Amino acid sequence: MAVVANGEYKFPSRDRVENYYGHQLLFACWDHHMLMAAPFMLFGAPDQKLGDIIEQQLKPLMQPDPDFDKIDWDAIEWTKSGEPWTPDFNKTIKQNGLVHKEQFCFKTPGLSTLVPPQGE
Amino acid sequence: MSKVFIILQANEETRSIVEAIEQDNPDAEVVHEPAMVKVQAEGHLVVRRETIEEEIGREFDMQELNINLITLSGNVDEDEDALTLTWNS
Amino acid sequence: MDIKKTPKKLNVKEKYRLMTRDLAWEPSYRDEKEIYPYVDYEGIKVHDWSKWEDPFRLTMDAYWKYQAEKERKYYAIIDAHAQNNGHLNVTDARYLTAIKLFLQSISPGEYASHRGFARVGREFAGVGPQVACQMQSIDEIRHAQTQVHAMSNYNKFYNGFKDFANQRDRIWYTSVARSFFDDAMSAGPFEFLIAIGFSFEYVLTNLLFVPFMSGAAYNGDMATCTFGFSAQSDEARHMTLGLECIKFMLEQDPDNIPIVQKWIDKWFWRGCRLLTLVAAMMDYMLPKRVMSWREAWNIYGVENGNALFRDLARYGIKPPMHWDDVEKSIDHTSHQIMLGLYQWKFGTAFHSWTPTASDIEWLKEKYPTTFEKYYLPRWEYAIAQKENGGEYNNFGLPKLCQVCQLPTLFTEPDDPTQLCHRETDYEGEKYHFCSDGCQHVFEQEPEKYVQAWLPMTAMMQEPLKGDLAAWMEWVSLEPTAAGEYANSEDKANFEKWRKQVSTD
């Protein structure tokens with residue numbers, strides 16, 4: 001579908017990657033953990049190591065959740081655009097295939113202090 | 001059948017108007033809420049000038065309703081003698 | 001000699017004909033297309049503009065007379081409010097958060113509607129809608145002005161009011177209302193009318209003005225209650241205009257039906273998303289409550305909406321596409337929004353708080369299937385933080401929905417433990433949404449929404465580049481206007497002044 005207009009209607013995206021001076025945006029969501037109400041916006045250069053982004057930006061934001069200290073980081077189930085995905089923390093954002101405004105999600109089964117599991 | 005309603009500010013003027021509406025619509029239900037009064041009925045509600053004039057003790061222009069009207073629901077038809085609200089279903 | 005008896009006055013129908021319809025003329029030296037260049041391109045076909053009639057048959061002379069009367073009533077109360085320390089009559093100063101949010105988000109929307117109706121009044125080719133749009137345009141600027149004026153009495157005493165105009169453009173949560181009205185104002189004249197006149201006014205403003213203003217009265221705020229009801233008295237006419245316009249479009253040509261349906265689907269959803277802020281106001285920000293958001297929705301959304309769509313079914317119009325998703329969300333949204341506002345309270349020009357014990361009892365009673373199970377544990381966490389001398393904040397910047405611009409904090413319609421993730425790739429770029437409803441709106445007109453200015457992502461661009469202190473200055477957010485209510489200057493001052501005026 002397209003906009004119905006009375007002339008040519010074509011404008012650039014407001015959040016295109018060119019507007020981020022060599023950096024890009026990422027979003028991360030800890031599924032079933034809504035103490036922090038929405039996915040986090042992360043920010044970095046494509047050649048930054050994903051592990052650094054996780055350690056420096058994501059983990060401090062997740063810390064208030066009472067489940068944080070119980071996370072087994074080796075048992076996390078990761079997804080990207082709804083598909084299973086395996087990140088490599090030692091590789092860069094780009095090498096991990098994370099494009100501008102990409103969202104990745106992760107599940108920590110068994111941890112449900114503040115949000116009850118569905119169906120119980 | 002769907003309910004039509006009219007909601008008026010609760011004040012001295014609308015007390016008479018609500019009484020008039022009740023007279024003309026015996027099945028209507030009147031609900032009082034803070035600062036407002038809601039009159040609702042199944043499918044149809046009529047507000048008549050003559051009845052309001054009797055109750056309020058002076059001439060009344062139907063468009064004066066505008067001043068104290070909060071909201072309404074239903075298809076509207078208004079002339080100098082009456083305001084009617086209806087749903088066609 | 002014949003004595004000609006002149007009627008005492010014209011009847012309403014006659015007067016409407018003479019003072020509205022007869023104001024129109026047939027152009028003689030310019031053609032209609034030149035005069036009304038915007039009425040065709042949306043695809044709406046109109047064969048006879050004279051078929052449009054205002055059922056109230058209000059003419060401009062009567063309009064001024066009754067509006068003047070409303071203004072006199074309004075200013076009598078505003079004056080009394082200012083003269084009698086009316087600001088100290090509200091239940092408690094928590095209530096002020098609701099009207100700050102109203103002033104920052106809703107009043108600028110009134111101004112946007114004023115501009116929009118002024119424009120479409122010029123663009124429509126029939127005199128009936130021209131006059132009705134002119135009246136509505138004047139109404140809307142009256143609403144914006146009376147609201148600002150009423151709340152200026154609070155601005156003398158409390159924080160968070162003074163920069164509403166700047167904040168309307170810059171702070172994050174106001175972009176929800178702003179983008180809604182910008183979207184409508186940048187649409188064609190018929191879509192604008194369905195957006196504001198029909199979907200917003202007819203289907204949704206009752207939810208905004210009626211229970212909320214009744215709640216203002218209940219909380220001792222006569223100033224807000226008065227502007228609310230004064231505005232709402234115009235809304236009855238606006239709603240009627242909205243309904244007449246939709247019937248007019250549907251009756252003019254069967255080709256209009258699918259176009260109108262598409263707009264109803266879009267604008268109903270956009271309106272419901274905007275009203276999630278009102279849901280939080282109703283359930284959390286009124287210290288004394290008239291009814292819950294759920295109860296208001298049942299009356300003004302379900303009962304009234306069903307009546308309306310049963311009535312429109314004769315034209316082949318169906319209830320809005322995402323109606324069921326809205327219904328499923330009603331028991332959740334106010335809690336989800338308020339938890340969000342609370343955790344981002346360092347960045348809002350109003351205060352928030354954790355619910356009190358009596359608030360919690362009320363919420364449990366009104367939301368028996370959802371509040372205690374899904375939301376109370378998070379509130380209890382926040383309360384415990386406070387009791388231990390800490391404070392629950394979320395310093396993460398949230399992902400925003402590309403369409404409604406709210407943080408994507410809503411859950412799957414059938415799973416309140418899982419956030420709703422929706423994304424669309426368009427021309428090599430990813431776009432995120434809070435729901436199927438917003439994703440659908442985007443996919444209908446992606447070229448429009450790729451331009452959205454999203455306050456969170458914009459913060460990372462030039463010139464702010466993620467500098468939070470610079471952002472606070474840019475949005476005119478003073479620390480005294482933000483944060484936890486319990487520690488606020490507003491609370492301390494309100495309590496001090498109230499003590500001074502009380503006799504015991």
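The values are calculated or read from the model by the stated rules, or taken from the named source; none is laboratory data. Just so we're clear, the structure is a prediction, and the values are computed from it rather than from any experiment. Cβ sites come from the backbone with ideal geometry, for glycine too, and all protein chains shown count toward neighbours. Surface accessibility is based on the protein's heavy atoms, side chains included, excluding ligands, DNA and RNA. Shrake-Rupley method; radii C 1.70, N 1.55, O 1.52, S 1.80 Å.
For the subset of the stretch C:218-233 comprising residues that are of a type in the set (A, V, I, L, M) and modelled with pLDDT under 80, which member is nearest to B:Pro34 (Cα to Cα)?
If we take residues in the stretch C:218-233 being of a type in the set (A, V, I, L, M) and modelled with pLDDT under 80, then C:Met222 is nearest to B:Pro34 (Cα to Cα).
Can you name the strands (runs of 3 or more DSSP E) wholly within the stretch B:2-78 that have at least 1 residues being facing chain C (nearest Cβ under 8 Å) and either in contact with a His (Cβ under 6 Å, 6 or more places away or on another chain) or hydrophobic (A, V, I, L, M, F, W, C) (or both)?
Those strands (runs of 3 or more DSSP E) span B:3-9, B:36-42, B:69-73, B:75-78.
I'm trying to understand the selection: among the residues of the stretch C:464-493, which are away from chain A (no Cβ under 11 Å), more than 30 Å from C:Phe157 (Cβ to Cβ) and open to solvent by 50 Å² or more (accessible area, probe 1.4 Å)?
Selection gives C:Asp467 alone.
Provide a single number: the residues in the stretch B:20-39 that are open to solvent by 10 Å² or more (accessible area, probe 1.4 Å) and in contact with a Ser or Thr (Cβ under 8 Å, 6 or more places away or on another chain).
5
Pairs please, first residue from the stretch C:208-220 and assigned to a helix (DSSP H, G or I), second anywhere and open to solvent by less than 10 Å² (accessible area, probe 1.4 Å) and aliphatic (A, V, I, L, M), Cβ atoms under 6 Å, 6+ apart in sequence or on different chains.
As it stands, the answer is C:Leu208/C:Val278; C:Pro211/C:Ala296; C:Ser214/B:Met36; C:Gly215/C:Leu286, since those pairs meet every condition given.
Which residues, taken from the stretch C:345-359, are assigned to a helix (DSSP H, G or I) and over 27 Å from the mean Cα position of the chain (by Cα)?
C:Ala357, C:Ser358
Quickly run through the stretch A:100-118 and pick out the residues that are surrounded by fewer than 18 Cβ atoms within 10 Å (Cβ to Cβ) and either over 30 Å from C:Phe371 (Cβ atoms) or more than 9 Å from every other protein chain (Cβ to nearest Cβ) (or both).
A:Lys107, A:Pro109, A:Gly110
Within the stretch C:41-63, can you find the residues that are within 12 Å of another protein chain (Cβ to nearest Cβ), open to solvent by 50 Å² or more (accessible area, probe 1.4 Å) and modelled with pLDDT under 95? Don't jump to the end; show me each part of the working.
Quick first cut of the stretch C:41-63, residues within 12 Å of another protein chain (Cβ to nearest Cβ) only: C:41-44, C:53-59, C:61-63.
Now restrict to residues that are open to solvent by 50 Å² or more (accessible area, probe 1.4 Å): C:41, C:53, C:61.
Within the stretch C:41-63, C:Glu53, C:Asp61 meet the criteria.
Across the stretch C:494-504, what is the number of residues that are in a helix (DSSP H, G or I) and either of a type in the set (Ser, Thr, Tyr) or surrounded by 14 or more Cβ atoms within 10 Å (Cβ to Cβ) (or both)?
The number of residues fulfilling the criteria is 3.
Just the residues that are modelled with pLDDT of 85 or more, surrounded by fewer than 17 Cβ atoms within 10 Å (Cβ to Cβ) and within 14 Å of another protein chain (Cβ to nearest Cβ), please, taken from the stretch C:1-33.
C:Asn11, C:Lys13, C:Glu14, C:Arg17, C:Lys33
Of the residues A:Asn96, A:Asn90, which single one is more than 7 Å from every other protein chain (Cβ to nearest Cβ) and loosely packed, with under 13 Cβ neighbours inside 10 Å?
Of the residues listed, the single one that is more than 7 Å from every other protein chain (Cβ to nearest Cβ) and loosely packed, with under 13 Cβ neighbours inside 10 Å is A:Asn90.
Check C:Thr354 against each of (1) of a type in the set (Ser, Thr, Tyr); (2) open to solvent by less than 10 Å² (accessible area, probe 1.4 Å); (3) closer than 27 Å to C:Pro479 by Cβ and name the one condition it does not meet.
The failed condition is (2).
Looking only at residues in the stretch A:1-20 that are of a type in the set (Phe, Trp, Tyr) and more than 20 Å from the chain's Cα centre (by Cα), which one is most open to solvent (accessible area, probe 1.4 Å)? Spell out the reasoning first.
To start, the set of residues in the stretch A:1-20 that are of a type in the set (Phe, Trp, Tyr) comprises A:9, A:11, A:20.
The next check asks that each one be more than 20 Å from the chain's Cα centre (by Cα); those that pass are A:9, A:11.
Numbers: A:Tyr9: 64, A:Phe11: 98 Å².
Per the criteria, the residue is A:Phe11.
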